[in-house]
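Each remark here refers to the structure printed beneath this line.
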Amino acid sequence: MAFTLLFPDFDILRDPNRCIKCRVCERQCANEVHQYDEEHDIMLADENKCVDCQRCVTLCPTKALRICENEQVFRKNANWRAQTIKEIYRQAESGGVLLSSMGNPEPFPVYWDKTLINASQVTNPSIDPLREPMETKVFLGKKPEMIERSADGTLKTELTPQLELKVPLMFSAMSFGSISYNAHKSLAMAATELGICYNTGEGGLHEDFYQYGKNTIVQVASGRFGVHKGYLEAGAAIEIKMGQGAKPGIGGHLPGTKIVGEVSRTRMIPEGSDAISPAPHHDIYSIEDLRQLVYSLKEATRYAKPIIVKVAAVHNIAAIASGIARSGADIIAIDGFRGGTGAAPTRIRDNVGIPIELALASVDARLREEGIRNSVSLVVGGSIRSSADVVKAIALGADACYIATAALLAMGCHLCRSCQAGKCNWGIATQQPDLVKRVNPDIAAPRLVNLITAWGHEIKELLGGMGINSIEALRGNRLMLRGIGLNEKELSILGIAHAGE
Amino acid sequence: MKRVYVNEEWCLGCRLCEYHCAFANSGKTHMASALMNVKIRPNIRVEDDGKVCYAVSCRHCEEPLCVTSCITGALTRENGVITIDGARCVGCFTCVLSCPYGCVRPTGQGAMQKCELCLTNGGVPRCVIGCPNNAIVFEER
Amino acid sequence: MKYVIIGNSAAAVGAVEGLRSVDPEGAITLVSNETYHTYSRPLISYLLQGRTDRQRMKYRPDDFYETNGCRTLFGRTAVKLEPEKRSVLLDDGTALTYDSLLVAAGSSPFVPPMAGLESVEKHFSFMSLDDANALEQALFPEARVLIVGAGLIGLKCAEGIFGRVGKITVLDLAAHVLPSILDEAGAALVQRALESKGVDFRPGVSVKRFSGGSAELADGQALAFDILVTAVGVRPNAALVRDAGGETDGGILVDDKMRTTLCGVYAAGDCVLSHDLSCGSARILAILPNAYSGGFAAGTAMAGGEPAPRRTLPMNAIGLFGLHIATAGSYTGEVYQAQDAESYKKLFYSGGVLRGYILIGDVDRAGIYTALIREQTPLSQIDFPAVCREPSLIAFGRAYRDEKLAGKKD
């Protein structure tokens, strides 16, 4: 077909009274949107290639650029929305599965935004975090049923390995390959400075990053890429990835074009070969199989590291979590359906899985009912956007939260959702050397530290307002939450009362 | 003595430094009014061969060949900073011939120009402020 | 310590600054046969052009002598050197004693014997401020000026008076302009620029005889003129040292600390022989940068300091009628050449190092080439083809840039 039915999503507006034709936009756009026309001494733009990453807008020294939604419209149709029509055109042109990245952008309910936090008034005094100690430290791992002490007060109970976090936050799994070396390094540096953890994802651990091992969670996923004894021993914890919120039920596919150089070496697969992570672990078809892997990993690391099992939030998540809790895992990580990805089939990302809020509430409730809540810690992720989301998650029963999208944003990501193209203009989701250098860890790591530090302050303030002085005391304290605009069913799943009740 | 150091590991080749330099030395308050339809003559230049890129500006050498070669005495080094007196310079180009880094260049109006570390532009070189990736830093070492 | 400096130009100023970098106390006496505050000789053409003035052409600020504690004896000439007595005799009979003495006497215009020269009423050299002033006095709008010598001085003189006289004719025995620094093809570009301005250049001819306002050329033609400027060349002022028994060979012989063969006597500037590292031989390098750096080294040594090693080579930057020329080093060995309508480039290399270059038109960043010659950088260590195309630091590699630009030391 010689022509396309698609029209550009965006308009690039260039203010001629500001543009000095410095061509910074042209040099910075890996999508080759901007172009200088020497003959007419003008800057041109090809909107078709624009992904609205706003790199040009940000770097334009005279602020001459704006990227707007293309006002070109299809005839109004509540059923056949413009996006839907365009996707059909695209598939009619390509014959392929639609690919997307980052989290589900569709307007599903966000329960964090329908939940309100309590504060103390009169009878139970609030606490000023600037004046009084406030504990944000958490330990993740199996907690003993009871504590026994000897006569001199020393602990008799043998504790299982715990993951210690200064704030109840971790950077969730993003592999070296899906994100760049510099992005990875920034996360590692920041986690180390913050006393939290980042996560290798299924990309192995680059030898340069072993030094950050105490703050690293090493992941073992269905492709087993980059896994070896040294790798398992390098981390503070090991995560078995069973599923991912953005694409439950499917595996991963990093195309061979991205398996180059260090990525290939770190994953321990030949250059140019596709890295295919199967949908299931081919050795796990039951909780018993999972238990075997959990104990294999424990055995391999002499029971010194907590084992995390990460699953996507799906319909029967409560039963799944119950099974995992009995598999010997120390921590369950649940990834909600708004969680990000470097690439996923659009239909899966946008239609499969359930919101993390509902999954968390039902898992916490189920584990309590079964009396096994203390045998695991719960970590939740899948679009934790602010410290308020963190506080709400903890009140719903989480021990800690995983964040990734927020961390990427801190490093410069503008959520253009084009990671799958591998030409991230912000140097994050790319392996192209000229783009990778756009993330300078000396800039990005402090930004990550700032973000988490700021959230830490806010968490303390929210806790103090409730008259609570530790994360521990908030965990599962659903009395601190009220729903707003939620129906009975939603309230009952979340286990909270409605505002005003 | 604080100096401008350039780390090519982080240079993106965006050339923002060049434009910030040209703007800083224009005397104007808005970059668009300073640089609209102007062929800029910055004191810092990006070299880019498609594989490597980095910016180059005056090193303020301790034994500055431009200063010792200057036939008018317009180039001087004081407190570690080499400056040029545009009124005395006649544009003979001997400094161009002498500078091993190629960092003295004509203003286009008869005299020569070079990086003076923005001494009269607020004290922090604008190329440093304008660099989006810390590839140009102003540090005491 | 007592220091005496004969001269008041770049080498002398360099010496004062060199002395003061080591010895802030010692007494410095500066003797000059001119009566001016130190000024830059190459600026006299710019002065005539109006591109500088008497104040701005001062090589150092007005308070230079005061700041540096120099006694000045202007309008005096050193006539005799008595090294065994550590004394120098001036033309007014004064004898100055010294602990060390610098001869920075420069050079003088060389006027070859030409028949009938004495019959020319308005005959000038073009070397000093006095020369320039005298020439300027003689100028008038219709004047026909004959310049003998198409070297640097002759052509800069032509540029200096251009527009202030009726006609300028430049002749030279050589086949093209700037014979000492340009090859034929490069000179053709310069000639074109001269001719486009209406300057009449006559190559390959000399004056057979002058008679009043007429010159009879060797090719038989006659040329009428009002003003004559001879700019054939210069001779080092080496007599003071030579007559006192110091070794000279065209110029004064000095070692790497600028010492002459006379005890306590140093020399620097246009009057000494310098080591040209581009060809390895000793020659007169009558250029200001060399004078200053030689003077500075001499001053440093005179005060007991250790002068930094100097790396000297011929180099010239000339602007002529808007056309820029940069040359350096020696023109021997293999050649890289590139030319377009606007510019001309020739690089000479042999023995694995760059020896010299000629750039006309585009001289941007010529110093990168100069540095290659000066540092005798092995061309095998750099991307020479790249640097031939364009002078940049790309060719020098990451380690060089890390050291020079990123300030990394390992």
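Here is how the numbers come out for the structure above:
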| quantity | calculated |
| --- | --- |
| Filter result (in a loop (DSSP other than H, G, I, E, B) and more than 20 Å from the chain's Cα centre (by Cα)) within the range A:226-257 | A:Gly226, A:Val227, A:His228, A:Pro255 |
| Test for A:Gly203: is it within 18 Å of A:Asp335 (Cβ to Cβ), crowded, with 24+ Cβ neighbours inside 10 Å and under 24 Å from the mean Cα position of the chain (by Cα) | yes |
| Scan of the range A:1-21 for residues that are within 9 Å of chain B (Cβ to nearest Cβ) and touching a Leu at 6+ places or on another chain (Cβ under 7 Å), ordered by number | A:Ile20 |
| Whichever residue in the range C:378-410 is more than 10 Å from chain B (Cβ to nearest Cβ) and closer than 23 Å to C:Pro314 by Cβ and, among such residues, is surrounded by the fewest Cβ atoms within 10 Å (Cβ to Cβ) | C:Pro378 |
| B:Phe93, sole failed condition from (1) farther than 22 Å from B:Glu9 by Cβ; (2) crowded, with 18+ Cβ neighbours inside 10 Å; (3) touching a residue at least 24 places away in the same chain (Cβ under 8 Å) | (3) |
| Wholly enclosed strands (runs of 3 or more DSSP E) of the range B:6-81 bearing at least 2 residues more than 11 Å from chain C (Cβ to nearest Cβ) and at negative phi | B:75-78 |
| From B:Arg77, B:Arg59, B:Arg105, residue being surrounded by fewer than 22 Cβ atoms within 10 Å (Cβ to Cβ), more than 30 Å from C:Gly50 (Cβ to Cβ) and of a type in the set (D, E, K, R) | B:Arg59 |
| Within the range A:131-151, considering residues that are in contact (Cβ under 8 Å) with a residue 60 or more places away in the chain and loosely packed, with under 10 Cβ neighbours inside 10 Å, the one nearest to A:His457 (Cα to Cα) | A:Pro133 |
| The range B:114-125 - residue that is surrounded by 15 or more Cβ atoms within 10 Å (Cβ to Cβ) and more than 13 Å from chain C (Cβ to nearest Cβ) and, of those, farthest from B:Asn43 (Cα to Cα) | B:Asn121 |
| Residue in the range B:124-132 that is touching a residue at least 60 places away in the same chain (Cβ under 8 Å), under 21 Å from C:Ala366 (Cβ atoms) and outside any strand (DSSP E or B) present | no |
| Selection within the range B:96-113 - touching a Gly at 6+ places or on another chain (Cβ under 8 Å), facing another protein chain (nearest Cβ under 8 Å) and over 19 Å from C:Ala406 (Cβ atoms) | B:Val96, B:Leu97, B:Ser98, B:Val104, B:Gly110 |
| Residue match in the range B:126-134 (condition: surrounded by fewer than 19 Cβ atoms within 10 Å (Cβ to Cβ) and either more than 9 Å from chain C (Cβ to nearest Cβ) or of a type in the set (Asp, Glu) (or both)) | yes |
| Among residues of the range A:268-318, those that are out of contact with any Ser or Thr (no Cβ under 7 Å at 6 or more places or on another chain), among the charged types (D, E, K, R) and part of a helix (DSSP H, G or I), counted | 4 |
| Among (1) in contact with a helix residue (DSSP H, G or I) (Cβ under 7 Å, 6 or more places away or on another chain); (2) closer than 30 Å to A:Cys56 by Cβ; (3) outside the structural domain of B:Cys131 (by TED's automatic domain parsing) - the single one B:Gly108 does not satisfy | (1) |
| Selected residue [crowded, with 24+ Cβ neighbours inside 10 Å, at pLDDT 95 or above and farther than 30 Å from C:Phe348 by Cα] from C:Ala244, C:Ala239, C:Ala267 | C:Ala267 |
| Where C:His275 falls short, out of the listed (1) over 29 Å from C:Pro109 (Cβ atoms); (2) away from chain B (no Cβ under 11 Å) | (1) |
| Given (1) within 14 Å of chain B (Cβ to nearest Cβ); (2) surrounded by 24 or more Cβ atoms within 10 Å (Cβ to Cβ), number of the condition A:Ile452 does not satisfy | (1) |
| Flag for A:Gly201 being assigned to a loop (DSSP other than H, G, I, E, B) and either in contact (Cβ under 8 Å) with a residue 24 or more places away in the chain or assigned by TED's automatic domain parsing to the domain that holds A:His281 (or both) | yes |
| The range A:164-179, residues that are surrounded by fewer than 24 Cβ atoms within 10 Å (Cβ to Cβ) and not acidic (Asp, Glu) | A:Lys166, A:Val167 |
| Strands (runs of 3 or more DSSP E) contained entirely in the range C:187-296, each with at least 2 residues that are in contact with a Phe, Trp or Tyr (Cβ under 8 Å, 6 or more places away or on another chain) and over 30 Å from C:Ser100 (Cβ atoms) | C:214-217, C:227-230 |
| Selection count where residues are of a type in the set (Gly, Ala, Ser) and within 11 Å of chain B (Cβ to nearest Cβ), scope the range A:419-449 | 2 |
| Selection status of C:Tyr344, within 27 Å of B:Gly108 (Cα to Cα), crowded, with 20+ Cβ neighbours inside 10 Å, away from chain B (no Cβ under 14 Å) and at pLDDT 95 or above | yes |
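Here's the yes/no breakdown for (1) within 11 Å of chain B (Cβ to nearest Cβ); (2) touching a residue at least 60 places away in the same chain (Cβ under 8 Å):
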residue: C:Ser293; (1), (2): yes, yes
residue: C:Phe296; (1), (2): yes, yes
residue: C:Ala308; (1), (2): yes, no
residue: C:Ile318; (1), (2): yes, yes
residue: C:Ala328; (1), (2): yes, no
residue: C:Tyr331; (1), (2): no, yes
residue: C:Tyr349; (1), (2): no, no
residue: C:Val363; (1), (2): yes, no
residue: C:Thr370; (1), (2): yes, no
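The values are calculated or read from the model by the stated rules, or taken from the named source; none is laboratory data. Since this is a predicted model, take the numbers as computed values, not measurements. Quick reminder, even Gly has a Cβ in these numbers, built from the backbone with ideal geometry, and neighbours come from all protein chains shown.
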